[in-house]
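The values are calculated or read from the model by the stated rules, or taken from the named source; none is laboratory data. Note that the structure is a prediction, hence the values are computed from the model and not measured. In this analysis, Cβ positions are derived from the backbone assuming ideal geometry, glycine residues included, and neighbour counts consider all displayed protein chains. For accessibility, only protein heavy atoms count, side chains too; no ligands or nucleic acids. Shrake-Rupley method; radii C 1.70, N 1.55, O 1.52, S 1.80 Å.
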Amino acid sequence: MDRMDSALQNLRGRVIEANAAKTPLRLRGAGSKDFYGERCDGTLLDMRGYRGVVDYEPSELVITARCGTSLSEVESLLARHQQFLAFEPPAFAADPTIGGIIACGLSGPRRCQAGAARDFVLGAALLCADGQLLHFGGKVIKNVAGFDVARLLCGSLGILGAITEVSLKVLPLPRAEQTLRFEMTADAALESFNRWAGQPLPISATGWCNGQAWLRLSGAPSALRAARTRLGGELLDAAPADEWWRGLRHQTHAFFREAHTLWRLSLPSTAAPLAGAGPQLIEWGGALRWCASDLPAAELRGLATAAGGTALHWRGGEAGQRFHPLAPTLLAIHRRLKARFDPHRIFNPGRLIADL
Amino acid sequence: MPQAEFDADEPRWSECAEAPAAGRRLAVAQALRALLPADCVLSGDNELRPYECDGLSVFRQQPMLVALPRTETELRAVLLECRQLGVPVVARGAGTGLSGGAMPHASGVLLSLARFDRILEINAPARIARVQPGVRNLAVSEAAAAHGLFYAPDPSSQIACSIGGNVAENSGGVHCLKYGLTLHNVLGLRGYTIDGELMELGGRTLDAPGLDLLALCVGSEGLLLVVTEVILKLLPKPELAQVVMASFDDVGKAGEAVAAIIAAGIVPSGLEMMDRKAAAAVEPFVHAGYDLSAAAILLAESDGTPDEVREEVAAMERVLHAAGATAIEVSRSEAERLRFWSGRKNAFPAAGRISPDYYCMDGTIPRKSLGQVLKAIEQMEHKYDLKCMNVFHAGDGNLHPLILFDANCEGAWERADRFGADILELCVQLGGTITGEHGVGVEKLNSMCVQFSPAERAAFFAVKRAFDPPGLLNPGKAIPTLARCAEYGRMHVRHGRLAHPDLPRF
């Protein structure tokens, strides 16, 4: 840990101090996802001071950035080289940090085709409770040395330690994109999304809301032409189409703005629309359903479980019960991991699971 | 991470070769025979011999016993019994692994998943396959073909290797640049811990609550749980695939061509490289039509709609020309495409034909260092007086140098082993890794000391013990102890950061 950056040195000092005093820390980047997960009390540890792109070579398809680097900085650098973060991390009308994006592990509309945040994580550095800085994974696409702790950290909500640096796989921007719109019911949309996904079509995102299905095609212009002939639908202008996908990605779409209580359901893509669960917005070819539902939590969770999935209380809901409960055997593994990585529970206690 | 005595309880690999105490084999065999039919527990020397090694045959060890459960109930009973008796358990799929990950434990039970060989479900509308771990990789794509679907990861051994083994190693193949590794194509796992606890990770959905234990378990080399069911993602089969084959008179230029293709915004479905020695070794064997005068041959595949492929192939040809290719050929039929690939896919058997033994390495490096590494390997050939032929998954920087040796020659294996370790250390120095897709197993335990610090290895043991508190699943593999690393005596290299990066090293 020679010549450690002073911002990192500072974070490390704070962690060592908190660990010695056994006082909890609340890790935070830009705060764009403060609403996400369970409430957690602790002294604020602002991760934004440790920032900057450390390494980026376009021909390697890998970018390495410190936790406090903003999404806008990363995206504009990538765009200059016609590349992007293909999992389309949501910004929620703010400018989140890379560390926060990986700690939360959320992905945007392209997830069903390109993969989730965790699929693009190649490596991560973790500041542990005892102040040690550990490196997992690396900067190469294929790497099976040691357990895949870097991907374990993605979506961990900071409960195992502070992510200080991440290496992400990036992809070239699609050469062309077009959006098609279809008037159809939710049932027809789900049937169509699944049928289309089984055909060699360049579909990069799907969405359904208010009787309209939206389909984004990405790839070579010739592939888009061929797909349009096959699919039909109404071809939209680029501006309103981009606006719609941005609305889905960052949740600025009216559906998200207007819902005062909101559920996020992760279901098998072929599951039928949930009856009686209020207005719904469908993404990811049917695998992600947003429900603006006032049903009691137990009832909605019951519906999700019956459909073979899980339900997360995204907005509203009772403290400590926002995430879908884990099976006891999995919870036991979570407890043992937490106890080993963070024995004094200083990192974001309770943020992912109430008493962890 | 508690460090001082973090691995005091962890087994050394040398302990794993210690024979069981007298009477132990009989006692454990009797206990298992009470749980399984007679033909599911093997204990005779002749019966045990086929299990003494996996695809890495230089490491051999006869297990105390072999158990072949047929159902989850039987498998769980075996695990609980072994837990009770304190017997190590090593799970094994098809035994094609290349790092000794399924090498038996002398006092342990080798748990063969060979009888978990059924495809349980091909769900075309949902595009998933639910299979048991003993199902062969290629069998999944064969079963899905009727629906126009396929399973993307295709390790070279795909006609024989099992899905369970693929999950344990996070196997890749020639198409993972575009379609990802096993990790990216597994939606769910079902299995049991050594405590007999059922683990259901992921499933038919795209994400699950809690920590991503699914990602952690893929590639965990049988150290965390025994998998009994896998849910795989199936993809629509592209309408067309074509391969561009390009010759180069210099390996450095071929390496630069790889970077140029990626920099042009193209993600080929496969991007592979062979050096002259590899091409010369496979050509008499497969008659692929390789240019034997070339210093390196690149194979770049494009797939998609016919128009898309035509555009992409033309774009790749332009880049390859500009990068100095001396000859370019494009496959004109499916038969020709498969012929171009046949050499690459048969590189390992070809090595076995021209040399009594070969030792396959699996390091990964940043693509930009390809030329540099090839030159360094050439120098090592002189240093160790052994030949090495090179095949690469060039698109993702994954190298498979095949070191040729004759195990019957005094000291040859030791030289090959040091040659390999040198290559891996170089990979780490360049910011890469010691294994891209074959796993650590027993083979790369020493090289793990170079790639990871003691604190990082302590974290791996912490993960191990969170799943396997008694430490009975595949003990001694994948993570080296402090003592072993001290004995090995090579320094941990901070990822890609040398102490004096400006010093010439080759």
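Looking at A:L27, A:L11 in this structure, which one is assigned to a strand (DSSP E or B), open to solvent by less than 50 Å² (accessible area, probe 1.4 Å) and either in contact (Cβ under 8 Å) with a residue 24 or more places away in the chain or touching a strand residue (DSSP E or B) at 6+ places or on another chain (Cβ under 8 Å) (or both)?
Going through A:L27, A:L11 in turn, just one is assigned to a strand (DSSP E or B), open to solvent by less than 50 Å² (accessible area, probe 1.4 Å) and either in contact (Cβ under 8 Å) with a residue 24 or more places away in the chain or touching a strand residue (DSSP E or B) at 6+ places or on another chain (Cβ under 8 Å) (or both): A:L27.
Go through (1) more than 10 Å from every other protein chain (Cβ to nearest Cβ); (2) open to solvent by 40 Å² or more (accessible area, probe 1.4 Å); (3) among the acidic types (D, E) for B:D154 and report which single condition fails.
Just one mismatch for B:D154, condition (2).
Just to be sure before I move on: is B:G343 under 15 Å from B:F392 (Cα atoms), small (G, A, S) and more than 14 Å from every other protein chain (Cβ to nearest Cβ) in the structure I sent? Spell out the reasoning first.
Values: under 15 Å from B:F392 (Cα atoms): yes; small (G, A, S): yes; more than 14 Å from every other protein chain (Cβ to nearest Cβ): yes.
Judged against the criteria, B:G343 is a match.
Rundown of residues vs (1) within 14 Å of another protein chain (Cβ to nearest Cβ); (2) under 22 Å from B:K178 (Cβ atoms); (3) open to solvent by 20 Å² or more (accessible area, probe 1.4 Å); (4) under 22 Å from the mean Cα position of the chain (by Cα), yes/no style:
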site	(1), (2), (3), (4)
B:L299	no, yes, no, yes
B:G304	yes, yes, no, no
B:E312	yes, yes, yes, no
B:R318	no, yes, yes, no
B:G324	no, no, yes, no
B:A327	no, no, yes, no
B:A335	no, no, yes, no
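Hey, could you check the range B:451-468 for residues that are assigned to a loop (DSSP other than H, G, I, E, B) and facing chain A (nearest Cβ under 8 Å) and say which is nearest to B:L111 (Cα to Cα)?
To start, the set of residues in the range B:451-468 that are assigned to a loop (DSSP other than H, G, I, E, B) comprises B:452-453, B:468.
When the remaining residues are screened for being facing chain A (nearest Cβ under 8 Å), the result is B:452-453.
Values: B:F452: 30, B:S453: 32 Å.
Only one residue fits best here, namely B:F452.
Spot the failing condition for B:S14; the list is (1) open to solvent by less than 50 Å² (accessible area, probe 1.4 Å); (2) more than 21 Å from the chain's Cα centre (by Cα), and only one is missed.
Condition not satisfied by B:S14: (1).
Which strands (runs of 3 or more DSSP E) sit wholly inside the range A:43-157 and have at least 2 residues that are out of contact with any Lys or Arg (no Cβ under 6 Å at 6 or more places or on another chain), farther than 29 Å from A:K338 by Cα and of a type in the set (D, E, K, R)?
Numbers: elements: A:43-46, A:53-57, A:62-66, A:121-127, A:133-137.
It comes to A:53-57.
For every residue, the table says whether it meets (1) touching an Asp or Glu at 6+ places or on another chain (Cβ under 9 Å); (2) over 20 Å from A:G37 (Cα atoms); (3) β-branched (V, I, T); (4) away from every other protein chain (no Cβ under 14 Å).
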| site | (1), (2), (3), (4) |
| --- | --- |
| A:E234 | yes, yes, no, yes |
| A:E243 | no, yes, no, yes |
| A:A254 | no, yes, no, yes |
| A:W263 | no, no, no, no |
| A:A271 | no, yes, no, no |
| A:A306 | no, yes, no, no |
| A:T310 | yes, no, yes, no |
| A:L326 | no, no, no, no |
| A:L330 | yes, no, no, no |
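Of the numbered conditions (1) more than 8 Å from chain B (Cβ to nearest Cβ); (2) surrounded by fewer than 24 Cβ atoms within 10 Å (Cβ to Cβ); (3) on the phi > 0 side of the Ramachandran plot, A:Q82 satisfies every one except a single condition; which is it?
Result: A:Q82 passes all but (1).
Sort out for me the strands (runs of 3 or more DSSP E) sitting completely within the range B:64-164 that have 1 or more residues that are under 22 Å from the mean Cα position of the chain (by Cα).
Values: elements: B:65-67, B:89-92, B:109-112, B:119-123, B:128-131.
Ranges flagged: B:89-92, B:109-112, B:128-131.
Pairs under 7 Å by beta carbon, first residue on the phi < 0 side of the Ramachandran plot in the range B:108-128, partner of a type in the set (F, W, Y), six or more apart or different chains?
B:L110/B:Y51
Looking at the range A:315-345, which of its residues are more than 30 Å from B:I194 (Cα to Cα) and in contact (Cβ under 8 Å) with a residue 60 or more places away in the chain?
Of all residues in the range A:315-345, those more than 30 Å from B:I194 (Cα to Cα) come to A:315-322.
A:R315, A:A319, A:G320, A:R322, listed by residue number.
Working carefully through the options B:G436, B:G420, find the one that is facing another protein chain (nearest Cβ under 9 Å) and crowded, with 22+ Cβ neighbours inside 10 Å. Even if it seems obvious, please write down each step before you answer.
Details: B:G420 fails: facing another protein chain (nearest Cβ under 9 Å).
Result: B:G436 is the single residue among B:G436, B:G420 that is facing another protein chain (nearest Cβ under 9 Å) and crowded, with 22+ Cβ neighbours inside 10 Å.
Which condition number in (1) surrounded by 23 or more Cβ atoms within 10 Å (Cβ to Cβ); (2) within 28 Å of B:R457 (Cβ to Cβ) is the one that A:F87 fails?
Unmet condition: (2).
For the range B:302-332, which positions are out of contact with any Asp or Glu (no Cβ under 7 Å at 6 or more places or on another chain) and polar (S, T, N, Q)?
Matches in the range B:302-332: B:S331 only.
Would you mention how many residues in the range B:278-304 are modelled with pLDDT of 90 or more and of a type in the set (V, I, T)?
2
Please enumerate the residues belonging to the range A:310-339 that are open to solvent by less than 20 Å² (accessible area, probe 1.4 Å) and touching a Gly at 6+ places or on another chain (Cβ under 8 Å).
Result: A:H334, single match.
State all residues of the range B:137-185 that are over 21 Å from B:G304 (Cα atoms), of a type in the set (S, T, Y) and touching a strand residue (DSSP E or B) at 6+ places or on another chain (Cβ under 8 Å); if no residue qualifies, say none.
B:S162
Can you tell me which residues in the range A:299-330 are more than 27 Å from A:H250 (Cβ to Cβ) and not assigned by TED's automatic domain parsing to the domain that holds A:E258?
A:G320, A:P325, A:L326, A:A327, A:P328, A:T329, A:L330
Quick one: B:L430 ticks every box in (1) touching a residue at least 60 places away in the same chain (Cβ under 8 Å); (2) open to solvent by less than 30 Å² (accessible area, probe 1.4 Å); (3) within 14 Å of chain A (Cβ to nearest Cβ) except a single one, so which number is it?
Tallying (1) touching a residue at least 60 places away in the same chain (Cβ under 8 Å); (2) open to solvent by less than 30 Å² (accessible area, probe 1.4 Å); (3) within 14 Å of chain A (Cβ to nearest Cβ), B:L430 fails exactly one: (2).
Which condition does B:K383 not pass, out of (1) buried (at least 23 other Cβ atoms within 10 Å of the Cβ); (2) modelled with pLDDT of 95 or more, if it passes all the others?
Among (1) buried (at least 23 other Cβ atoms within 10 Å of the Cβ); (2) modelled with pLDDT of 95 or more, B:K383 violates only (1).
From the list B:A466, B:A486, exactly one residue is modelled with pLDDT of 95 or more and not β-branched (V, I, T). Which is it? Give the derivation first.
On the way: B:A486 fails: modelled with pLDDT of 95 or more.
After ruling out the rest, the residue left standing is B:A466.
Go over the candidates A:L133, A:L127 one by one and state the one that is more than 7 Å from chain B (Cβ to nearest Cβ), open to solvent by 20 Å² or more (accessible area, probe 1.4 Å), within 29 Å of B:G363 (Cα to Cα) and in contact with a strand residue (DSSP E or B) (Cβ under 7 Å, 6 or more places away or on another chain).
A:L133
Quick one: A:C291 ticks every box in (1) open to solvent by less than 70 Å² (accessible area, probe 1.4 Å); (2) modelled with pLDDT of 95 or more; (3) closer than 30 Å to B:D7 by Cβ bar one, so which box is it?
A:C291 satisfies all of (1) open to solvent by less than 70 Å² (accessible area, probe 1.4 Å); (2) modelled with pLDDT of 95 or more; (3) closer than 30 Å to B:D7 by Cβ except (3).
Please indicate, with yes or no, whether at least one residue in the range B:389-407 is at the interface with chain A (Cβ under 10 Å from one of its Cβ atoms), within 27 Å of A:L127 (Cβ to Cβ) and in contact (Cβ under 8 Å) with a residue 60 or more places away in the chain.
no
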